[in-house]
1. Among the aspartates and glutamates, which have Cα under 14 Å from the Cα of residue 40 when same-chain residues fewer than 8 positions away are ignored?
2. Can you return the lysines within cross-link range of residue 107? Criterion is Cα-Cα under 19 Å, with same-chain partners fewer than 8 residues away left out.
3. Taking springs between alpha-carbon atoms closer than 10 angstrom, which of 18, 184, 82 fluctuates most in the Gaussian network model of the chain?
4. If the elastic network links every pair of Cα atoms under 10 Å, which of 50, 42, 129 fluctuates the most in the Gaussian network model of the chain?
5. For the stretch 16-100, just say rounded, prolate or oblate: build the C-alpha gyration tensor, square-root its eigenvalues into a ≥ b ≥ c, call rounded for a/c under 1.5, and beyond that prolate if a/b exceeds b/c, oblate if not.
6. Starting from the Cα of residue 188, draw a straight line to each of the lysines and keep only those under 18 Å, dropping any in the same chain fewer than 8 residues away.
7. Beyond 21 Å, what percent of the Cα pairs of the chain remain?
8. Please work out the FRET efficiency for the pair residue 51 and residue 172, using the Cβ-Cβ distance as r and a Förster radius of 35 Å; give the result to the nearest 0.05.
Amino acid sequence: MQLICGVDEAGRGPLAGAVYAAAVILNPDRPISGLADSKKLSEKKRDLLSIEIKQHALAWAIASCSATEIDNINILQASLLAMQRAIDQLQSEFKITPDLVQVDGNKCPNISLPCEAIVQGDSKVQAISAASILAKVARDAELYVLDRQYPQYGFAQHKGYPTAVHLKMLTLHGISPVHRLSYAPVKKLISNNS
């Protein structure tokens, strides 16, 4: 049996918080129904599937790269690094080495395992769908925590994405320690205030 590890990230577009990645090896003997691209599922459905994935998968791991790391190395490199961290963590925690890593998108992280990038893989490969769900649920959980730390920005509502409300709150309250300083709307605010 070929062990395929699906990998995906969540949170490339937001102006705040970390970017998350997950790696999942599904168990062919414990199929999970309803797996799909996390963006096509309701939050409630994602939360339920996330629990099921963690219970039934052969192995899974979630990792992240902070807003500071994103600013230092750019979002693409940070996404790939978060993926690499998730794959490494999956191997060390579960003592499993996948035969093949399949990543959503068009670039593979820097790993020594055989890897293929699949555009729209989160809607084509179940293991990638599972990874997209775990990454999205973990990132949303972080944003709820940040919402309690910095209630003035409304993170629980927009999850850090550049919505009209978020941009208005940024203008009103300035930037927080969890905002991505290299992102255009945040950069613009810094230059307007300097």
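1. 122
2. 124
3. Ranking 18, 184, 82 by mean-square fluctuation puts 184 first.
4. Per the Cα network of the chain with a 10 Å cutoff, 42 tops the list.
5. Values: a/c = 2.62, a/b = 1.36, b/c = 1.93.
Verdict is oblate for the stretch 16-100.
6. Residue 188 reaches 168.
7. 50 percent
8. 0.40
Where a number appears in this text, it was derived from the coordinates with a stated rule and is not lab data. Just so you know, these numbers come straight off a predicted model, no measurement behind them. Glycine gets a Cβ as well: all are built from the backbone with ideal geometry, and neighbour counts include every protein chain shown.
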